[in-house]
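One structure below.
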Amino acid sequence: MAPGASNEKKTDDEQASKENFIHLCNPHLEKMKEDILYHFALGTGTHDFPALFGDVKFVCVGGSPSRMKAFIAYIAEELGLGSTGCDYPNICAGTDRYAMYKVGPVLSVSHGMGIPSISIMLHELIKLLYHAKCSNITIIRIGTSGGIGLEPGSVVITRQSVDATFKPQLEQVVLGKTVIRSTNLDEQLAKELMQCSKEIGQFNTVIGNTMCTLDFYEGQGRLDGAICLYDEEEKLQYLKKAYDSGVRNIEMESSVFAAMCNLSGVKAAVVCVTLLNRLEGDQISSSHDVLVEYQQRPQKLVGYFIKKCLGKA
């Protein structure tokens, strides 16, 4: 072998070792001639995934299609890849289940509300990134939440997603059997996001646990649902117990998000703004303008993080 050949191979091996590709925990996919991502209206037989998505490095997901369209317009302008008034087509226009937008290395995808909806989206998103041969991906959920012991408008970067009994796990029934999956999130990524918030210096940000519940009303101890069979004292005892365990906010997607990203070897974070302090009430009563500004805070933080990673901050 020529002297330079082994060096070249070593260099290739070193390069490959630096690339962190998506890991699919499903051997059956290798046997499929075509993979149809039904809820995205995309498929490997009809779309060139590497050409469409191969340059993606950052994926931001959130509940509302309009919010994710607003985010892609915001990040495009921040990265100098677009201008005010630019229109960004919905890549998933063939379906009304989810919306997807892309600019440069950033993909913005809506996931709907609750664990079932985000779970379906993540299955197809993770496969999309795999088929596109993406590497070194960071996925961040940006959204809204109810705070515990925090002023409204505070931003929470999730340390762990915990269930309604404050355990850092996702319990799922598969083929009639209960499966327990870890819901830890990337600690270093959380620290980097926290540092970004300090550099921005515009709003209160904390790192804390996020409680992920199965519904918005009883599951979160609200008193204002159609059904409520507990009193205010019991509610406050529960929320204070949550606070004492390290919980700083409540939402409905983080557990399956963390579990699926863990299994796929993807670096992930959850960044949510709190719309109210649940120790002081259940109804979201802030004005529309105030809520709009609150909802922009996770976008600003994650946008700054992306700019910093790309050397544009």
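Here are the numbers for the structure shown:
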{"item": "GNM top mover of Asp289, Asp48, Asp35 - the chain, alpha-carbon springs below 10 Å", "result": "Asp289"}
{"item": "Among (1) 77, 50, 42; (2) 93, 56, 48; (3) 80, 49, 28, the entry derived from the coordinates for Cα extents along the principal axes in Å", "result": "(1)"}
{"item": "The chain - percent relative contact order, Cα under 8 Å, separation 6 or more", "result": "22 percent"}
{"item": "Shape of the range 144-312, Cα gyration tensor, a/c cut at 1.5", "result": "oblate"}
{"item": "Of Leu229, Leu185, Leu275, the one that fluctuates the most in a GNM where the chain has Cα springs shorter than 10 Å", "result": "Leu229"}
{"item": "Reachable lysines from Lys198, criterion Cα separation under 18 angstrom, eight or more residues apart if same chain", "result": "Lys300, Lys307, Lys308, Lys312"}
{"item": "Probe 1.4 Å, protein heavy atoms only - accessible area per residue of the chain in square angstrom", "result": "50 Å²"}
{"item": "Anisotropy class of the range 211-256 from Cα gyration tensor, a/c 1.5 cut", "result": "oblate"}
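The values are calculated or read from the model by the stated rules, or taken from the named source; none is laboratory data. Everything quoted here is computed from the prediction, not taken from an experiment. These accessible areas exclude ligands, DNA and RNA; they are computed on the full protein's heavy atoms, side chains included. Shrake-Rupley method; radii C 1.70, N 1.55, O 1.52, S 1.80 Å.
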